[in-house]
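Rule-based calculations on the coordinates, nothing more; no lab input. What you see is a predicted model, and the numbers here were worked out from it, not measured in a lab. Glycine gets a Cβ as well: all are built from the backbone with ideal geometry, and neighbour counts include every protein chain shown.
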Amino acid sequence: MSHSASTESLRPGAGKPSPRFELLTFGDELLLGLTPNTHLTWIGAELGRRGVQLARNVTLNDEAAAIAAQFRESWARAEVIITTGGLGPTCDDNTREAVAGVLGQRLVFDPAIEHAITERFARFGRQLTPTANNRKQAYRFERGEVLPNANGTAPGLWVEQEGRVLVMLPGPPNELRPIFTEQVLPRLAARGLLTSGEAYVQIRTAGVGESLLETRLQPVFDRHPGLGLSYCAHLGQVDCRISSPDGRYQMDALQNIAQACATSLGEDFVCFGHASLVKVVGDQIRAQGHTLAVAESCSGGLLANSFADLRGAAKFFQGGIVSYSNEAKMLLLDCPECLLSQHGAVSAECAVAMAGGVAEQLGADYGLAITGFSGPAGGTGENPVGTIFLGLQAPGGVWSKKLTYPGPRSAVKERAVTAAIDWLRREVFQEARQAAGPAAN
């Protein structure tokens, strides 16, 4: 959830009215639930960083009449319209044609687009002559520009008409996102429709709830009236964005305010900006020249995948072991059978044994382990469903931690992984401070 302490949206510039942005996402697969609408969340976040809040998102099917009717309405009320999908080669890709009719523009064949399609086919060993439906993608607006697509055959399209901007993007995320970040955002910034850099400073925190975070930061904010404040809670994490809606605070002033907030939060402060929790801890482990290995039971590989997703993870991440059964814990992690018989697989003792075992087996400085009852079945009177035990072996010692998370299985697993990574982060940074000596504390 999120809320704002200011009713005024972030603005591209002080004293300027906020341009209205609308997003139209096209595709039967979105409405049928076959594909999640990630374009809304991703584009909304990218625009939000630049001081713009989407006024509306409308998702429609692929019917040309529906596309034309909705585009006509949006074109009449918004300064910037972004569309996604419907630029492909098949019969249900009608967006380009429907929009052209509303704009009163002809679609003209562009040999340069056809050449780009042919070159792409050649790189992948396909026929060198595009088929008729592929050539459909080589049409652009007669009074518009092409946004080259390095990852697909359908280019994006850019139109400026009647004081408005139209941006049309292909549907696949791996094609849309590079076009948007590398071409669309710079063009919009150059026209003063959004800020050239981020319009706010974000503080990323972990281990503290949304309401408590606001309480702890309010004394800092009370000294600076007129700030725009927004809180966004994730599972185990909360972000706070600080902006200046009326322009009274420059970016350096906002950064100083954010630094005061970070100082007051201590270990609950993760970073400024958008780096993930796992990236923050991964970067620190690398900086120390240490290595990490993980062992999991109930989280089923989510913890290992969090680290494996990081670019350059091989420089510090030794690997992970998913040991769901007791037999696997004994065989792969050298957990003693007597320990499992006496304390059970969901226990502090087992978590510690798993952490130590994976560090030993994979030759790592840090061993991090998760075991628990993620539900919906399982659990005991002492350890009901949602009980999680974490184990951590580090150069400075070995510990366990017990947590309880009510909720569905997927949420319990995700919260357990977040809690484990955050615990590791705190220990890694604590050991770094101790190694640096008194001056770092």
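Some notes on this structure:
- Restricting the GluC sites (Glu not before Pro) of the stretch 299-390 to loop positions (DSSP other than H, G, I, E, B) with no more than 16 neighbouring Cβ atoms within 10 Å leaves E382.
- Among the trypsin sites (Lys or Arg not before Pro) in the stretch 285-342, those placed in a DSSP loop whose Cβ has at most 15 other Cβ atoms within 10 Å are R311.
- Whether the stretch 20-190 is rounded, prolate or oblate, judged on the alpha carbon gyration tensor where a/c under 1.5 counts as rounded: rounded
- Shape of the stretch 272-314, Cα gyration tensor, a/c cut at 1.5: oblate
- As a calculated quantity, the FRET efficiency between A150 and E382 at R0 = 60 Å, using C-beta atoms, amounts to about 0.60.
- Backbone HN-Hα couplings from phi across the stretch 230-238 [Karplus 6.51/-1.76/1.60, Hz, Gly and Pro as x]: 9, 10, 9, 9, 10, 5, x, 9, 9
- Beta bridges by DSSP in the chain, antiparallel share as percent, to the nearest 5: 65 percent
- Taking a straight line from the alpha carbon of K279, these lysines sit under 18 Å away, with near neighbours fewer than eight places off in the same chain left out: K315.
- Straight-distance crosslink candidates among lysines, where the alpha carbon sits under 23 Å from K402 and sequence neighbours closer than 8 are dropped: K329, K413
- Selection of trypsin sites (Lys or Arg not before Pro), the stretch 99-191, meeting DSSP coil and at most 15 other Cβ within 10 Å: R106, R126, R143, R191
- Amide proton proximity set for V294, modelled H, under 5 Å, gap of 5+: G319, G320, I321, L368
- FRET efficiency estimate (nearest 0.05) - Cβ-Cβ, L34 to K401, R0 51 angstrom: 0.80
- Cα shape, the chain, gyration tensor, a/c 1.5 rule: prolate
- Couplings for the stretch 160-170, taken from phi via the Karplus curve 6.51 cos²θ - 1.76 cosθ + 1.60 with θ = phi - 60°, read 10, 7, 6, x, 10, 10, 10, 10, 10, 10, x Hz in order; Gly and Pro are left as x.
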